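A short worksheet on the structure shown next.
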Amino acid sequence: QLQLVNSGGGLVQPGGSLRLSCVASGFTLNVYAIGWFRQAPGKEREGVSYISSSGSFTKYADSVKGRFTVSRDNAKNTVYLQMNSLKPEDTAVYYCAGKVNGLSLRPDEYPFWGQGTQVTVSS
């Protein structure tokens with residue numbers, strides 16, 4: 001079955017780091033662009049980062065630029081989101097999602113999604 005599996009979340013102190021993973025099963029990830037999104041309680045889903053199918057193009061929300069880095073290892077069917085200098089406002093459920101064409105961080109343009117992983121940044 002076509003799916004993405006999120007992992008790597010957890011509890012971290014402000015200023016700490018986490019690396020989230022998004023692993024594809026049931027298909028070859030290298031034909032898909034991957035977006036990262038997050039949703040905090042009471043808020044709408046927010047686009048965080050994007051990486052093209054080849055890894056040649058990336059983009060980031062202003063709120064995470066300079067702190068987060070998206071990368072992919074297509075041989076392992078995996079996309080990563082390295083999160084450094086974490087802040088309490090980064091607390092959310094983080095999702096990866098896939099699409100075939102285009103450059104976008106609109107959630108409704110992504111046809112398939114990972115299950116999400118909770119990131120909590122707190123002292």
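The values are calculated or read from the model by the stated rules, or taken from the named source; none is laboratory data. If you're wondering where the values come from, they're calculated on a predicted model, not measured in any experiment. Heads up, the Cβs are rebuilt from the backbone with ideal geometry, glycines too, and the neighbour counts pull from every protein chain shown. Protein only, heavy atoms only, side chains kept; ligands, DNA and RNA dropped before computing areas. Shrake-Rupley method; radii C 1.70, N 1.55, O 1.52, S 1.80 Å.
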Next on the checklist: Among (1) open to solvent by less than 40 Å² (accessible area, probe 1.4 Å); (2) farther than 11 Å from Ile34 by Cα; (3) under 13 Å from the mean Cα position of the chain (by Cα), there is one condition Asn77 misses while meeting the rest; what is its number?
Outcome noted: (3)
Checklist entry - Only one of (1) under 24 Å from Gln3 (Cβ atoms); (2) in contact (Cβ under 8 Å) with a residue 12 or more places away in the chain; (3) open to solvent by 10 Å² or more (accessible area, probe 1.4 Å) is not met by Met83, so which one is it? => result (3)
Checklist entry - Taking segment 80-123 only, how many residues are touching an Asp or Glu at 6+ places or on another chain (Cβ under 8 Å) and either of a type in the set (Val, Ile, Thr) or modelled with pLDDT under 95 (or both)? => result 4
Checklist entry - Can you name the residue in segment 24-42 that is at pLDDT 95 or above and open to solvent by 20 Å² or more (accessible area, probe 1.4 Å) and, of all such residues, is farthest from the chain's Cα centre (by Cα)? => result Ala40
Checklist entry - Do we have Leu11 as outside any loop (DSSP other than H, G, I, E, B) and over 11 Å from the mean Cα position of the chain (by Cα) here? => result yes
Next on the checklist: Being in a strand (DSSP E or B), under 17 Å from Val121 (Cβ atoms) and of a type in the set (A, V, I, L, M, F, W, C) is the requirement here; does Leu20 meet it?
Outcome noted: yes
Checklist entry - Taking the stated definitions as given, is Leu105 open to solvent by less than 50 Å² (accessible area, probe 1.4 Å), assigned to a loop (DSSP other than H, G, I, E, B) and in contact with a Pro (Cβ under 8 Å, 6 or more places away or on another chain)? => result no
Checklist entry - within 17 Å of Val64 (Cβ to Cβ) and of a type in the set (Val, Ile, Thr) - does that describe any residue in segment 38-51? => result yes
